1. Would it be correct to say that D:Gly178 is closer than 24 Å to B:Pro235 by Cβ and out of contact with any Lys or Arg (no Cβ under 8 Å at 6 or more places or on another chain)?
2. Which condition number in (1) within 14 Å of chain D (Cβ to nearest Cβ); (2) surrounded by fewer than 19 Cβ atoms within 10 Å (Cβ to Cβ); (3) not in a loop (DSSP other than H, G, I, E, B) is the one that C:Pro26 fails?
3. Quick check: anything in the stretch D:160-168 over 24 Å from D:Gly15 (Cβ atoms), facing another protein chain (nearest Cβ under 8 Å) and touching a residue at least 12 places away in the same chain (Cβ under 8 Å)?
4. Do you know which residues across the stretch B:1-10 are surrounded by fewer than 24 Cβ atoms within 10 Å (Cβ to Cβ) and under 23 Å from the mean Cα position of the chain (by Cα)?
5. Of the residues that sit in the stretch D:293-334 and are away from every other protein chain (no Cβ under 12 Å) and assigned to a loop (DSSP other than H, G, I, E, B), which one is surrounded by the fewest Cβ atoms within 10 Å (Cβ to Cβ)?
6. So, in the stretch C:169-185, how many residues would count as being more than 17 Å from C:Thr149 (Cβ to Cβ) and at the interface with chain A (Cβ under 9 Å from one of its Cβ atoms)?
7. Within the stretch C:68-81, how many residues are surrounded by fewer than 18 Cβ atoms within 10 Å (Cβ to Cβ) and in contact with a strand residue (DSSP E or B) (Cβ under 9 Å, 6 or more places away or on another chain)?
8. Test of understanding: among A:Gly314, A:Gly285, A:Gly300, which residue is within 16 Å of the chain's Cα centre (by Cα) and either of a type in the set (Ser, Thr, Tyr) or over 27 Å from A:Glu136 (Cβ atoms) (or both)?
4 protein chains.
Amino acid sequence: MAVRAAVAGASGYAGGEVLRLLLAHPEVEIGALTGNSNAGQHLGALQPHLFPLADRVLQETTTEVLAGHDVVFLALPHGQSAAVAEQLGPDVLVVDMGADFRLKDAADWETFYGSPHAGTWPYGLPELPGGRAALEGSKRIAVPGCYPTAVSLALVPAYAAGLVESEAVIVASSGTSGAGKAAKPHLLGSEVMGNMSPYGVGGGHRHTPEMIQNFSAAAGERVSVSFTPTLAPMPRGILATCSAKAKPGVTADQVRAAYEKAYGDEPFVNVLPEGQWPQTAAVYGSNAAQIQVAYDAAAGRVIVISAIDNLTKGTAGGAVQSMNIALGLDETTGLSTIGVAP
Amino acid sequence: MAVRAAVAGASGYAGGEVLRLLLAHPEVEIGALTGNSNAGQHLGALQPHLFPLADRVLQETTTEVLAGHDVVFLALPHGQSAAVAEQLGPDVLVVDMGADFRLKDAADWETFYGSPHAGTWPYGLPELPGGRAALEGSKRIAVPGCYPTAVSLALVPAYAAGLVESEAVIVASSGTSGAGKAAKPHLLGSEVMGNMSPYGVGGGHRHTPEMIQNFSAAAGERVSVSFTPTLAPMPRGILATCSAKAKPGVTADQVRAAYEKAYGDEPFVNVLPEGQWPQTAAVYGSNAAQIQVAYDAAAGRVIVISAIDNLTKGTAGGAVQSMNIALGLDETTGLSTIGVAP
Amino acid sequence: MAVRAAVAGASGYAGGEVLRLLLAHPEVEIGALTGNSNAGQHLGALQPHLFPLADRVLQETTTEVLAGHDVVFLALPHGQSAAVAEQLGPDVLVVDMGADFRLKDAADWETFYGSPHAGTWPYGLPELPGGRAALEGSKRIAVPGCYPTAVSLALVPAYAAGLVESEAVIVASSGTSGAGKAAKPHLLGSEVMGNMSPYGVGGGHRHTPEMIQNFSAAAGERVSVSFTPTLAPMPRGILATCSAKAKPGVTADQVRAAYEKAYGDEPFVNVLPEGQWPQTAAVYGSNAAQIQVAYDAAAGRVIVISAIDNLTKGTAGGAVQSMNIALGLDETTGLSTIGVAP
Amino acid sequence: MAVRAAVAGASGYAGGEVLRLLLAHPEVEIGALTGNSNAGQHLGALQPHLFPLADRVLQETTTEVLAGHDVVFLALPHGQSAAVAEQLGPDVLVVDMGADFRLKDAADWETFYGSPHAGTWPYGLPELPGGRAALEGSKRIAVPGCYPTAVSLALVPAYAAGLVESEAVIVASSGTSGAGKAAKPHLLGSEVMGNMSPYGVGGGHRHTPEMIQNFSAAAGERVSVSFTPTLAPMPRGILATCSAKAKPGVTADQVRAAYEKAYGDEPFVNVLPEGQWPQTAAVYGSNAAQIQVAYDAAAGRVIVISAIDNLTKGTAGGAVQSMNIALGLDETTGLSTIGVAP
């Protein structure tokens, strides 16, 4: 019997991507689609790439519309998910692709979002230590942020293995879809093409506490993070360059071994052969992450680079992967490790 | 029992794309992969997006390597396919993604390619009138050129319905992957980004006689084609703007009706609702074609615009679709109409 | 004594480009800068590339602010220029980069813009037959649309020389800056990168009557135009592919000779050597136009391709060039034929 | 009397850019242009954006051809400049845009380039402490690498003011022109568009010792550098994110003050107002650098971000600026701080 899934926020980029993936998912039947300002419109006009759903009409995001599904994906502005989830009740699997339930520390939430903390849900990054167990059978999933996905896949193994010091420096580039579909002048094609620009510099980006949370849990001590995101002239993809000082005596071989061990059995994490570097184009539209590690002896730092598709592994693919685990399906069902390139 | 498929020329763009599609094809098992200058290398280094095949090693393109498969896809420079096909024998399905067997007229071939004509194979565009019948059970398939695919889908219905005069004017933009993976200075990223440029202007492009062939067959008379291709700053996609003078008395409704009739049952051709226009992003990585028609009363012309992915519907997707028909499989097996967007 | 110039609409793309050019103009001193919704802001935040003007503050667009200048450039939404010009009086040179005064035919205006016709000003395309004479000493200039600039430079010589029939077919690609700086979802970087899409197909684009006006004047008879604009994934540039049937007996040599004659003395129009094709990258940020002609004997058509920068020669450069003529300065003052490439 | 300048390597990107700038330089007359594999070709076919030089023919790179000029710009593969300079003699100003004479430490050179060290010339970054004095009257100039220019402008003031610890972490993105015009598969437009990828990770990039040299000189102690370059999908521009731990007690105000003091009088370095961030588009084609600083109290790091055009300030603009100083001209002659945007 098919899993019936609804998507709230189907006209945006996260909503469109989860629909793209669910259309290819053999166990899922797509139910209600909602969108606030676009309610009443055909999906074909809003998401013309989702040809099989072109004639579907967006409904209002209400409990009535979303009720009666096995799974509800929420692609809503932050602050709205708690109320929806409560109304849907405890038996519906609610997968929140927004930020509301990612952080464990209420003070962190309030500092970065300026509103009361809604709570903490099981975290949808199965590749973390203990990640899968937290998701099995769960009826609530907090999908990680796109940057924290890329960055945690990159550095958590080093922290878990005790290889690096507790100060991480991260610079990551994201494609523009990470900034969403709301029309803002600085996101116009004329502005972003041919342009690299940073934002949220100096610790202000809301994904920073999520990285600290993941690193600290792996390290068993508080890890500080200097995170600089940059906007890159491409629609999709995150390339994260992550580094930390190596602990005394750590060798390049130890570093590499830690990553091969951590990810040797992971279906979606691809530790590249030596000499080959991650690139966002290779994971375009796929749920795979590419990882490569280097040990810079002169600078005494471990550098780990990861590439993901921010909308797939970084959002909707991670959501579907986590849903699969929560529902007891094979984790890879409906998901691909094959990118669309060139 | 699985269909075993080999790919000759697996390191290029057409070869990579057919592998991307075959990996998702439930009836196909991927056999030998060959590449001339890259023989001996791992596919992972050459096509890093094809993660499941990363450990496969390219072999030389020889009859021995290609023998013993049910289907052999040829992604070779033109002039090489005939010899390979002959050696493989008549029982192997040979799908040529090159130009060698597309043209019926030997003189046209010699004019545009400057070499003897190898022959004519059944033409892999099922949506043409009689197109499917020509492919059923065939052991040889000539996959159309990418531009002729886009352009024929756009104008053949108008010619078949007798709506337009016998002079077509076509301007089409292609992503750079259409020019292949051989490193040439004018194809460098530094040169193509931020740049639109034409080439083969004035009738010189080798895809012109193929368009004339398709239009003339539909019209029942010789159709002339003015074709200008332009290179667009994007990796994939063709947007073709095709027009011809309307025959006297033709109305906009008649034009629209002809396209809805021609493509109403086609699984991969999407005649868009009025007011919506084709865009290459919507078919990125998909086997779908988007079509829209307009009748410009002031200029007296029928304008038809089509968008395809040059590597998917325009090459490898068309190849797999035609293979499906030739093998008696459901035509849509392993192919998607869902684009990767944004 | 310096020419004092004001710019109304200085926060948009046309306004920014005219300021970029005026900063390099040795005879011009930049006076008031206005912008409606952005009044009160520093230009540095809105146009960060115009470093020397970073500390200038935008004022409201009022007669008081714009008064007292020798030249006023208007980069306003259409419909607003007439009132401003009237208030400035007949002694100020008013250069309208909007559409209001381009068309001679009031009925055309009303059909395409749906409002009363404001009038007709001398047309700022000096390269047209008689174009310079119309501008000398004028106190009013209607700067042509960007597409009509590219397209008229391409086909007017063929019409003026009587070489082609009176039906033109034009397909042109524009960079996204042609659509302006107002934030609209379909102009987001996520939407336009990797994407080619048409708009205004079938005769609806407002630049069509302007092309007809220019061609018809050159041909001495009514010329019909089928015009299809497409949006290309680049910030700047127009590539126009323009064609018409050759009149009986016309030869390739005649065509080429007509263009070399028409443009042999033009400082900004570059008829390329045979074998070389226009490309938008070569004119990036420059006031030059590249032109190439071809005669397709098989199709019986003359094809002319032009490349310009839509913001420079297509808008602000054409405006400054016309201002130079109107003021009796050397036409090329402050303007460059050198592109920024790669 | 005009300065006569020759350019060796005029067909590449650095050579083309220095010609673009010299064409606008009021004191320079362009003399011989050379290019090895392209000798005999018209520049118009190789650098179509340099319209005023279209008819110039490239000559062989020989002493005879280069002799008789006041200034010779060398845009040659590394290892070739020493011999050319020696033959030109001590009275000609030789400006080397290659790497040969940038490093002071012969061992560093040999480690990173694997060949004997040619020597050290005055370093063409006037904004460094003592930078101008080293260039005045000099007959030899080693133009810095593009990354070291961006990175040194970013961090040298912090080191010179003693604000940060001696371990720097740098991640910088470059447009593809930084990789040159030689056709390589991974630089094809099809590969780079939509793609971010790192290279030279872990200390291997040849620009690393140059950064160490500049930082160490400013700090008065050996500074280590972890440098990761990434290739961005744009033709031009470098965005460098540079950070180091703040020394104990350092405040955000101290950091900002140090940068305002260091660059307050610099004509080409633009420390942005607080709240505004550098972007490569704003310096496209200009010789300006944009700088912004942040102090991340939680991570205890000073983060400095710089944006330059890799071909202008990062190569040819820096070369012309240094030439101006060496020749006793106003440093800004022929150079612009205005970018081409959008």
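1. Details: closer than 24 Å to B:Pro235 by Cβ: yes; out of contact with any Lys or Arg (no Cβ under 8 Å at 6 or more places or on another chain): yes.
Against the criterion (closer than 24 Å to B:Pro235 by Cβ and out of contact with any Lys or Arg (no Cβ under 8 Å at 6 or more places or on another chain)), D:Gly178 qualifies.
2. (3)
3. Filtering the stretch D:160-168 down to residues over 24 Å from D:Gly15 (Cβ atoms) leaves D:160-168.
This time we only want the ones that are facing another protein chain (nearest Cβ under 8 Å), so: D:167.
If we keep only those that are touching a residue at least 12 places away in the same chain (Cβ under 8 Å) too, we end up with D:167.
Looking for residues that are over 24 Å from D:Gly15 (Cβ atoms), facing another protein chain (nearest Cβ under 8 Å) and touching a residue at least 12 places away in the same chain (Cβ under 8 Å), one finds at least one in the stretch D:160-168, hence yes.
4. From the stretch B:1-10, those surrounded by fewer than 24 Cβ atoms within 10 Å (Cβ to Cβ) are B:1-4; that's our starting set.
Passing the criteria: B:Val3, B:Arg4.
5. Restricting to residues being away from every other protein chain (no Cβ under 12 Å) and assigned to a loop (DSSP other than H, G, I, E, B), the top hit is D:Gly328.
6. Taking the stretch C:169-185 first, the residues more than 17 Å from C:Thr149 (Cβ to Cβ) are C:169, C:176, C:181-185.
Of the ones still in play, those that are also at the interface with chain A (Cβ under 9 Å from one of its Cβ atoms) are C:176, C:181-185.
Looking only at that region, the number is 6.
7. Taking the stretch C:68-81 as the starting set, the residues that turn out to be surrounded by fewer than 18 Cβ atoms within 10 Å (Cβ to Cβ) are C:68, C:77-79.
Subsequent filtering for residues that are in contact with a strand residue (DSSP E or B) (Cβ under 9 Å, 6 or more places away or on another chain) retains C:68.
Result for the stretch C:68-81: 1.
8. Numbers: A:Gly314 fails: either of a type in the set (Ser, Thr, Tyr) or over 27 Å from A:Glu136 (Cβ atoms) (or both); A:Gly300 fails: within 16 Å of the chain's Cα centre (by Cα).
Just a single option satisfies the conditions, and that option is A:Gly285.
Values quoted throughout were computed directly from the atomic coordinates according to the rules given, and no laboratory measurement underlies them. Since we're looking at a predicted model, the values are computed, not measured. Note that we place each Cβ from the backbone using ideal geometry, even for glycine, and neighbour counts take in every protein chain shown.
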